[in-house]
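Inspection log for the structure reproduced underneath, given as structure tokens.
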Amino acid sequence: MALYAFYGIDKSDTGPKTRAENRPAHIEWLQSLGETLRLAGPLLSDDGKAMIGSLVIFDCADRAELDALIAEDPYAKAGLFERVEIRPYKWALGAGAPDR
């Protein structure tokens, strides 16, 4: 298994509405992932008041598995993100860091 960091920035014009409409289904989808999901949460505006994106750490066998998984995310299906970056990730330090 390998860790991947998903970093998505919402579309500025439609993001807030799209995020609000799809958030319950997105949360349900995340909760269904079991140990594949390592960490998830919204990125916030500088004042900390608005959700402007997502940061998710996935544990998948490979990038193909991750891509298939992300395609099922209600946020992705709704076209929420203006920009997405996905990178292999190494969790080196901190509470719960795996011995890799």
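A few points about this structure:
- Difference of contour (0.36 nm per residue) and Cα-Cα distance, residue 93 to residue 27: 21.1 nm
- Estimated FRET transfer efficiency when R0 is 30 angstrom, pair residue 61-residue 11 (beta carbons, to 0.05): 0.50
- Residues of segment 1-31 with amide N under 14 Å of the 7 Å Cα→Cβ point at residue 51: 8-11, 15-31
- Per-residue ³J(HN,Hα) for segment 88-96, Karplus 6.51 cos²θ - 1.76 cosθ + 1.60, θ = phi - 60°, Hz, x for Gly and Pro: x, 9, 10, 7, 9, 9, x, 4, x
- Shape call, the chain: gyration tensor on alpha carbons, a/c limit 1.5: prolate
- Judged by the gyration tensor of its Cα atoms, with axes a ≥ b ≥ c, segment 44-96 is oblate; a/c meets the 1.5 cut and b/c is at least as large as a/b.
- In order along segment 19-32, phi translates into HN-Hα couplings of 4, 4, 5, 9, 4, x, 5, 5, 4, 4, 4, 4, 5, 7 Hz, rounded to whole numbers, per the Karplus curve 6.51 cos²θ - 1.76 cosθ + 1.60 with θ = phi - 60° and x for Gly and Pro.
- The residues 86, 27, when put in order of fewest to most other Cβ atoms within 10 Å, stand as 27, 86.
Every number here is computed from the coordinates shown, using simple stated rules; none is lab data. Since the model is a prediction, treat every value here as computed from it, not as a measurement. All Cβ positions, even for glycine, are placed from backbone atoms using ideal geometry, and neighbour counts span all protein chains on display.
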